[in-house]
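Structure record follows, encoded as structure tokens.
The values are calculated or read from the model by the stated rules, or taken from the named source; none is laboratory data. Note that the structure is predicted; figures quoted are calculated from it, not measured. Ideal geometry is used to build each Cβ from the backbone, glycine not excepted, and the neighbour counts take in all protein chains shown.
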Amino acid sequence: MMDEPFDGFDLRQTRDVMDLLRRQTASGRTLILSIHQLPDAERVCDRFVLLSAGQVRGSGGLVDLRALTGLPSGSLEDIFLALT
């Protein structure tokens, strides 16, 4: 479990951490990340739990969340805003 794993890093460092996380998941590990920067979450995660005011507003893969909101090409930010 990681809380804000990209905070304080520059662009190169963020990409390095993302590559490390992808290698870990490719080897079969499951990682849980708490990320407020939704574009970063969209770049590195394959499943999401969207929380607002302490409640789950949506969960699943990006395709699932797009279907839920009727936003076939919506970003994770667009989806979050539609659900909250």
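Quick one: which residue in 48, 6 is in contact with a helix residue (DSSP H, G or I) (Cβ under 6 Å, 6 or more places away or on another chain) and not charged (D, E, K, R)? Don't jump to the end; show me each part of the working.
Numbers: 48 fails: in contact with a helix residue (DSSP H, G or I) (Cβ under 6 Å, 6 or more places away or on another chain).
Just one listed residue meets the conditions, 6.
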Checklist entry - Which residue pairs have Cβ atoms under 7 Å apart, sit 6 or more places apart or on different chains, and have a first residue in segment 14-29 that is aliphatic (A, V, I, L, M) and a second that is part of a helix (DSSP H, G or I)? => result 18/43; 18/44; 21/44
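Tell me, which helices (runs of 4 or more DSSP H) wholly within segment 25-84 include 2 or more residues that are surrounded by fewer than 12 Cβ atoms within 10 Å (Cβ to Cβ) and in the same structural domain as residue 11 (by TED's automatic domain parsing)? Steps first, please.
On the way: elements: 38-44, 62-69, 76-83.
Output list is empty.
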